[in-house]
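Student: This is the structure I have questions about; it appears just below.
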Amino acid sequence: MTLGTTSSKGRGLPEGGKARRVYLHLHEEIMRGVFAPGAVLPGEQKLAVTLDVSRVTVRRALDALEGDGLIDRRAGSGTTVCAPRPHPSMAADFSTLMPQLVEMGENTTARLLSFSYGAAPGGVASALGLAPQDRVQAAVRLRLVEGEPFSHLTTWVPEEIAQNYTEAELATTPLFRLLERSGVKVDAAQQTVSATLASPDVAEVLGLSIGAPLLSLDRVVRDAKGRGVEYLSALYRPDMFRLEMSLNHVGAGEGRHWEPVINPARKRAAE
């Protein structure tokens, strides 16, 4: 895990499809360093011509960028790109992600947003191998680092396992530890990493604009008998969480290929 930086809570995407396109275009160029901190953006008229939109559209996009704290607009001085503001962040090695996520759960804080029992969504029930009548415990938690939210976690656990711990315990103890205490012997997990956009409810608790990009991770955990014991759907702020992987070029001739480097210490933690 490492520490890094972040932006403040945004005011939301501007109204109108064209204004949002301009906003996302400029936002991406600022984040990639095309416009470095202290740089002056082209004027509204030049941006309007370059991006083939009206000045009103450009102004709406700039208003939203200013609300996000990414630019500073002053009459007579133009529009200046602001330096990033300090904030905590997290990083994990993709090749040993499971033990690092467990460690992350022990070194950050969580806020329980919802807790209930009922039927699992179709995809979750199928992944866990549940029968139609089987119930699960569904919980939504917000994970924070140094008091700032960086991930939105939804978990589904079969009722026969989840009944071994309480709502209060889930709010204060990493789920992985609760599963172990319930007698679950975790043996394997399958993870899928993708990208998605922030829905209104997720955006609100993560302090993002609606439609902001998120890193999405789905994980199905199984015990030694192959039974599904947990389904996790995790959404991470990409400005506060990143996945890393070290690779070695191994083999010879046509069989030469890239292979992930497994950190021995991390590997032992997973065993």
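Student: I need the calculated FRET efficiency for the pair TYR117 and ILE210, taking r as the beta carbon distance and R₀ as 30 Å, to the nearest 0.05.
Tutor: So the FRET efficiency works out to roughly 0.50.
Student: Something else now. For the residues HIS25, HIS249, HIS152, what sequence is obtained by ranking on other C-beta atoms within 10 Å, fewest first?
Tutor: Least crowded to most crowded, the residues run HIS249, HIS25, HIS152.
Student: Over the alpha-carbon set of segment 139-234, divide Rg by the Kirkwood Rh and report the Rg/Rh ratio to two decimals.
Tutor: The Rg/Rh ratio comes out at 1.00.
Student: Just subtract the alpha-carbon distance of MET245 and THR196 from 0.36 nm times their residue separation and send over the number in nm, one decimal.
Tutor: Result: 15.5 nm gained on full extension.
Student: Return the Rg/Rh ratio of segment 7-84 with Cα-based radii and a Kirkwood Rh.
Tutor: Result: Rg/Rh = 0.92.
Student: Now for a separate question. Tell me which residues come under 5 Å, amide H to amide H, from VAL186 once H is placed; ignore anything under 5 positions away on its chain.
Tutor: When sequence neighbours closer than 5 places are left aside, there are no close amide H contacts.
Student: Would you list, by chain and number, the aspartates and glutamates whose Cα falls below 12 Å from the Cα of LYS46, excluding same-chain residues fewer than 8 positions away?
Tutor: Reachable aspartates and glutamates: none.
Student: Taking amide H positions as placed 1.01 Å from N in the peptide plane, with prolines and chain starts having none, which residues 5 or more places from LEU113, or on another chain, fall under 5 Å of its amide H?
Tutor: VAL140, ARG141, LEU142
Only the coordinates and a few stated rules stand behind these numbers; no lab work does. Bear in mind that the values here come from a model prediction, so they are computed numbers and not experimental data. A quick note on method: Cβ atoms are made from the backbone with ideal geometry, for glycine too, and the neighbour counts reach across all protein chains shown.
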